[in-house]
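As structure tokens, the structure follows; a few thoughts come after it.
Please treat every number below as a calculation from the coordinates, not as lab data. Just so it is clear, the model here is predicted, and its values are computed rather than measured. Heads up, the Cβs are rebuilt from the backbone with ideal geometry, glycines too, and the neighbour counts pull from every protein chain shown.
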Amino acid sequence: MIQMMTSTEQAEQQELLPEHIPTHVAIIMDGNGRWAKQRGLPRLAGHRAGTENLRRILRACVELGIKILTIYAFSTENWGRPEAEVRGLMRILEDVIDRELPELHEEGVQLRHLGDLSRINKKLQKKVLHAIELTRGNNKLILNVAFSYGGRAEIVHAIREIVSHGHKPEEIDEALVSRYLYTGDLPDPDLIVRTSGELRISNFLLWQAAYAEYYVAPVFWPDFDKEELCKALHLFGQRDRRYGLVK
Ligand code: FPP
């Protein structure tokens with residue numbers, strides 16, 4: 001019997017070589033609002049669908065052997081959205097921690113937070129800190145959640161920390177600045193994916209993205225499935241990364 005491969009299987013099979021698997025993937029999960037609007041649903045329904053998708057993509061990353069996943073969940077600019085949407089996104093973060101933390105912990109996911117926690121309510125701050133503490137020793141995959149995060153704010157924060165630790169001007173180099181960013185000890189992202197076709201950085205990992213490869217997916221975040229991820233990885237594997245050098 002002739003067995004036809006589905007396009008999902010084809011895409012998945014194409015990416016099985018080690019050079020297609022970046023260590024660190026970062027994702028701008030864009031398009032939840034438009035996904036919802038297309039269906040006549042409120043924007044928050046899009047964010048809920050996006051959260052469901054995050055679970056699927058997280059699982060796919062573990063299966064594929066990606067070691068670090070950074071997701072852009074809430075930007076410093078998002079604080080300016082309508083109050084109900086901001087409240088809804090806070091609620092989603094709280095629900096994710098309440099419902100998913102035991103399973104994430106069991107699966108060996110180490111949770112980290114990038115951004116300014118002081119702007120979120122105390123109860124949620126505690127939950128975030130608890131999740132970080134609980135999963136600190138896990139090493140299957142590091143999940144960085146950028147929440148109340150902005151790339152410029154991160155650099156300002158790092159500069160303040162450098163000054164307050166009394167570093168002298170001659171001690172300041174790129175490695176030191178990197179250490180004071182929220183990503184601290186982690187390697188820079190190899191691949192940054194943005195969904196929904198938009199060609200913007202939107203204040204995401206400005207410093208860390210210096211030599212990242214970019215991939216823009218034509219689908220909204222809730223529709224960005226494992227097949228789409230594999231397409232991104234396949235193209236990543238074909239990129240010639242020269243880091244400004246000549247090969
Ligand atoms: C961008 O879509 C998406 C966001 C601002 C929120 C992303 C959040 C999630 C996917 C939920 C997961 C969250 C946590 C805390 C783990 P948009 O609203 O800008 O979409 P639009 O451009 O179509 O309006």
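Details
- Ranking of Trp79, Trp221, Trp35 by count of other Cβ atoms within 10 Å, fewest first: Trp79, Trp35, Trp221
- Segment His157..Gln238, full-extension length gain: 25.6 nm, with 0.36 nm per residue of separation and the alpha-carbon distance subtracted.
- Under 17 Å from Lys226, Cα to Cα: lysines that are on another chain or at least 8 residues apart: Lys67
- Residue order, fewest to most surrounding Cβ atoms within 10 angstrom, among Glu100, Glu85: Glu85, Glu100
- The stretch between Lys140 and Leu176 holds 10.3 nm of extra length on full extension. This uses 0.36 nm per residue minus the Cα-Cα distance.
- Calculated from backbone phi, Karplus (6.51, -1.76, 1.60) coupling profile of segment 167-179 in Hz, x at Gly/Pro: 5, 7, x, 6, 7, 7, 9, 5, 5, 5, 4, 4, 5
- Alpha carbon centroid spacing (whole Å) that separates segment 166-203 from segment 70-127: 21
- Annotation: amide H-H contacts under 5 Å for Glu213 (H modelled 1.01 Å from N, sequence separation of 5 or more, or interchain): Leu191, Ile192.
- Hull volume per residue, based on the alpha-carbon atoms of segment 181-243 and their convex hull, is 106 Å³.
- The chain - charge dipole about Cα centre, Lys and Arg +1 at Cβ, Asp and Glu -1, debye rounded to 20: 720
- Across segment 164-247, the mean sequence separation of Cα contacts (distance under 8 Å, 6 or more residues apart), normalised by length, yields a relative contact order of 26 percent.
- Taking a straight line from the alpha carbon of Lys247, not one of the lysines sits under 21 Å away once near neighbours fewer than eight places off in the same chain are left out.
- Both the radius of gyration and Dmax for the chain are 18.6, 72 Å, in that order, over alpha-carbon atoms.
- Of all aspartates and glutamates in the structure, those lying under 15 Å Cα to Cα from Lys231, and not within fewer than 8 positions of it along the same chain, are Glu9, Glu12, Glu15, Glu19, Glu213, Asp223.
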